[in-house]
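Student: Structure incoming, see below.
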Amino acid sequence: MGILEKIAEIEREISRTQKNKATEYHLGLLKAKLAKYRAQLLEPSKSAGAKGEGFDVMKSGDARVALIGFPSVGKSTFLSLMTSTESEAASYEFTTLTCIPGVIEYKGANIQLLDLPGIIEGAAQGKGRGRQVIAVARTADVVIMMLDATKGDVQRALLEKELESVGIRLNRSKPNIYFKPKKGGGLSYNSTVPLTQCSEKLVQLILHEYKRLRIYSCMQVYNKVDQISMEEVDRLARRPHSVVISCGMKLNLDYLLETLWEYLALICIYTKKRGERPDFGDAIIMRRGASVEHVCHRIHRTLASQFKYALVWGTSTKYSPQRVGLTHIMEHEDVIQIVKK
């Protein structure tokens, strides 16, 4: 029995099982198995040879962003506008047939942008090239869901369903779960509040069946807003995580970049040598929440072991300059001078 048949069988069993306290454990186990099989759909086939064009693109730059959407929504046009890469764009569907990378240069950061082929309904079950497309999207720091504004909310709902079915959780708060592997094996389990929806045994079985899920930052970008009414543009723009643009008329692209920067949670750190002015031409790109120690590791792997103290100018300090240690949290556009032992 293949994976698709196993998925269909589990879905049938879930649909005919009554939901009550007596069946909660059984349904939880079925859902864990279902998630496991759907994730296996995205794993590369062991028998696959070297024929055809691959989707694997080496990760480069400071962050990776994946463009995902149905055919002919403007992904290739967007890539050509935002990067120096030319991706073939046409009015017919399935113009892009493989993964095309480009680089967005913004605020000193190099953001890798991947133009993925259009997916179709049923992509999570392997239809079209959906399996490869979703597998690449899982490696991105942020997913841009490119949507056709003239289609309303239909495409958004379908794409969210496809991604949710393979364990990609879009714009969800991370669950308050702490997971730590034990050196000696086994599993110890502690809950901080009384559990009403699951038991320790159910948690153990789910962990056994399926790996942890990732939470993905996702922007819903509505393209072709020049073809709809102002009332509809206003409605779409007010939706959570939504940005409205027009690639054809180059509208609102600057705001999209600003929003993308916030979703990526990147910050610029500038270095300064003693007695010299800061080097504002070469920023160190870090994630929000990075400490002085992270900056040291980025500059050189041995710098943290030679660290004595640092002087920091910027919004992360009470006064400038402030003498700080390795645990000090940096903020956007801070300037740092590191003093070695």
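None of the figures in this text is laboratory data; all of them are computed from the coordinates on show. No experiment lies behind these values; they were computed from the predicted model shown. Note that each Cβ is placed from the backbone with ideal geometry, even for glycine, and that neighbours are counted across all protein chains shown.
Student: Roughly how many nanometres apart are two label points built 7 Å out from the Cα toward the Cβ at residue 287 and residue 17?
Tutor: So the two model labels end up 3.5 nm from each other.
Student: Given the alpha-carbon gyration tensor of the range 250-341, what are the semi-axes of its equivalent ellipsoid in whole angstrom, ordered largest first, with each equal to the square root of 5 times an eigenvalue?
Tutor: Largest first, the range 250-341 gives 27, 14, 12 Å.
Student: Could I ask something else about it? How large is the translational diffusion coefficient of the range 240-279 in µm² per second when you combine the Kirkwood radius over alpha carbon pairs with Stokes-Einstein at 4 °C and 1.567 mPa s? Intermediate results must be reported in sequence, preceding the final value.
Tutor: Working: Rh = 13.0 Å.
For the chosen part, D equals 100 µm²/s.
Student: Quick check on packing: order 317-323, 26-32 by the mean number of other C-beta atoms within 10 Å, highest mean leading.
Tutor: Result, highest mean first: 26-32, 317-323.
Student: If you don't mind, another one. Could the peptides 229-240, 256-267, 69-80, 276-287 be put in order, highest first, of the mean number of other beta-carbon atoms found within 10 Å of their residues?
Tutor: Final packing ranking: 69-80, 256-267, 276-287, 229-240.
Student: Taking a 22 Å limit on the Cα-Cα distance, which of the listed pairs 59/107; 36/151; 273/308 fall beyond it?
Tutor: Distance filter (> 22 Å) returns 36/151.
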